[in-house]
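Written out below as structure tokens is the structure these notes cover.
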């Protein structure tokens, strides 16, 4: 169909793979998100902590540099589980801010403008649509969490040698697993709230609210009932228990058992998926 | 000829309400008009064909693919223009149509090319870099049509395409739909309240009433079926002419003394009427076939069920 002809012709060209077509959604989401300079600046800021960590690792293995900078080697932070756990905390906290900015704008505009029938009348199922929207956050958060931290891990392995790598391979597993659990929790929460709350600032505030109110309510239950099970509504506490176990292989004293923290996080993700599936429909059916 | 849609006892229920009641039939028309009063189930039928609602009983097929098991394959072949406002306000026309093309499987570069071409085709070439939120109602309708045809579907489903359009915009929409139909590459299902839209764009019509198909007919054939129904204007003595005609087996009704409505039996032809008139020295000044308009067909269907599906 050439422009000058102005006549209709069917398309007979090649088609893309159906299994990866959902990735069109994050691509278009990024074009919108990165159009904002503030967001771009914030996104770049997220790479500063890994850069600082890389400098730490470099200095740890470069006696000449330490000599020039006049830093005693025993004053440097050791590169161990705590080091990577702290940087995972920092990166996940920055990611949380990004998620509160990006998440609310992912689904709500489609619902506000009644655009779901347009998506779902194409070879795109509700699952593909949800996957596309969630992957917009997953990809973004991966770029600032487990990917830079894994690079740091392998940088340290390169500097310290293969022996260190095999001795600490558990750390890499902890980085990837810990980051993915957190990313799934935060992405599902953000997308589910975006589907239910059309006004973006409110949806963003609610993401904070779930953490703060959940934490407060959990602490209240724990205090009043002299129990630890109130932490099951505290996502941050459950993440903390999961990370501690992943990085150090131990539970958190005076808190939930590790299995219950994992079960709580899985349950939370399940609730978010349920909320999402209730809302992601081409048309609402009014039942009589 | 392969059926465009096949319905096999298709039943849709919303809660306790049965919206589509065991629809049956194979429909192979290139341009099917879907008519019916509000709440007849037109939009529900379209949404079911798109896989939005699961059938409570029975099933349906589009180009032979089952709407429950092979919906992705069906959606590859369909372009859908919804009735209500459906767009993304903060997107430009070109980005919106390109994204929809990519979601239908076009590679990004080809999707961009097709999006430009399609927007020019529907008359939004100059406005393609404007945000959809700034479009007028008519432009939004055209943008909806553009996203429905950008991937060159085999079946185009149009739900009230002329809703809210002024006469020139309506005419433009109708001529685009007719142009798409004329290519022969895309089958159409057009749902509309406006009989004129269906009459101008469709070859076949399906009329729904209270969740049932009460009429499915080919408009041209329906008109041809009434070839023996004539309207005549004569000059001369009407009475003997009518009597002679009735002796031949015609049913006659005289209006105003010179106008006669007549139903001819199979064996009587027009030339017999002319010889009769010549014998009686009567002039036939006007002779028309009375053609059933879509309005007649629709009204008949609404008066009472015609009993069976006439596919």
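What follows is calculated from the coordinates using simple rules that are stated; it is not laboratory data. These figures come from a predicted structure and were not determined experimentally. Quick reminder, even Gly has a Cβ in these numbers, built from the backbone with ideal geometry, and neighbours come from all protein chains shown.
Compute the angle between helix A:258-279 and the longest alpha-carbon principal axis of chain A, please, reported from 0 to 90 degrees and rounded to the nearest 10. Computed tilt is about 20 degrees. Radius of gyration (Cα atoms) of the protein assembly as shown, expressed as a multiple of 2.2 N^0.38 Å: 1.37.
So for the pair residue B:28, residue B:252, with labels modelled 7 Å out along Cα→Cβ, what separation do we get in nm? So the two model labels end up 4.4 nm from each other. Using the Cβ-Cβ distance between residue A:266 and residue A:198 with R0 set to 35 Å, the FRET efficiency works out to roughly 0.80. When chain B is treated as a Gaussian network with alpha carbon springs shorter than 10 Å, the biggest mean-square fluctuation among B:156, B:195, B:34 belongs to B:195.
Percent relative contact order of chain A, based on C-alpha pairs within less than 8 angstrom and at least six residues apart?
Values: 293 pairs, mean separation 59.3, N = 288.
That works out to 21 percent.
Geometric descriptor of chain B, per residue, is 162 Å³ (volume of the convex hull of the Cα atoms). Here the label points at residue A:63 and residue B:109, each 7 Å from Cα along the C-beta direction, are separated by 5.6 nm in the simple model.
Determine, from the Cβ-Cβ distance of residue B:154 and residue B:275 and an R0 of 51 Å, the FRET efficiency 1/(1 + (r/R0)^6), rounded to the nearest 0.05. For residue B:154 and residue B:275, the calculated efficiency is 0.45.
The residue B:229 and residue B:85 beta-carbon pair, evaluated with R₀ = 30 Å, returns a calculated FRET efficiency of approximately 0.10.
Percent relative contact order of the range B:51-165, based on C-alpha pairs within less than 8 angstrom and at least six residues apart?
On the way: 156 pairs, mean separation 40.3, N = 115.
Relative contact order, the range B:51-165: 35 percent.
Build a GNM of chain A with springs between Cα atoms under 10 Å apart, and of A:183, A:238, A:162 the one that fluctuates most is A:162.
Rounded to the nearest 500, what is the protein assembly as shown's calculated 222 nm mean residue ellipticity when only DSSP H runs of at least 4 contribute -39500 (n - 2.57) each, over all residues?
On the way: 25 runs with 319 residues, N = 599.
Helices in the protein assembly as shown give a 222 nm mean residue ellipticity of -17000 deg cm²/dmol.
What does the structure give for B:146-156 when I average, per residue, the other chain Cβ atoms found within 10 Å of the residue Cβ?
Details: counts 0, 4, 2, 5, 2, 6, 7, 4, 1, 0, 1.
Other-chain Cβ atoms within 10 Å of each residue's Cβ, averaged: 3.
Put a dot 7 Å past the Cα of residue A:34, heading toward its Cβ, do the same for residue B:2, and the two dots end up 4.1 nm apart.
Please give the contour-minus-distance gain from residue A:27 to residue A:160: 0.36 nm per residue of separation, less the Cα-Cα distance, rounded to one decimal in nm. Spell out each step's value before the answer.
Values: separation 133, 0.36 × 133 = 47.88 nm, distance 3.81 nm.
Fully extending the segment from residue A:27 to residue A:160 adds 44.1 nm.
Hey, what D do you get for the range A:1-132 in µm²/s if you plug the Kirkwood alpha-carbon radius into Stokes-Einstein at 4 °C and 1.567 mPa s? Diffusion coefficient, whole number: 66 µm²/s.
Between the helical axis of B:167-183 and the longest alpha-carbon principal axis of chain B there is an angle of about 90 degrees.
Highest GNM mean-square fluctuation among A:68, A:90, A:169, for chain A modelled with Cα contacts below 10 Å: A:68. Over the range A:21-279, the Kirkwood radius and the radius of gyration, each from Cα atoms, give a ratio Rg/Rh of 1.02.
Overall form of the range B:78-205: oblate. Here a/c, set by the Cα gyration tensor axes a ≥ b ≥ c, is 1.5 or more, and a/b is not larger than b/c.
Residue by residue through A:121-131, how many Cβ atoms from other chains fall within 10 Å of the Cβ on average?
Values: counts 21, 16, 12, 5, 4, 1, 0, 2, 1, 0, 0.
Counting Cβ atoms of other protein chains within 10 Å of each residue's Cβ and averaging gives 6.
When only Cα pairs under 8 Å and 6 or more residues apart are kept, what is the percent relative contact order across chain B? Kindly include the intermediate steps, with their values, before the conclusion.
Details: 584 pairs, mean separation 58.6, N = 311.
Reported as a whole number, the value is 19 percent.
The mean number of partner chain beta-carbon atoms within 10 angstrom of a residue's beta-carbon across peptide B:182-194 is 1.
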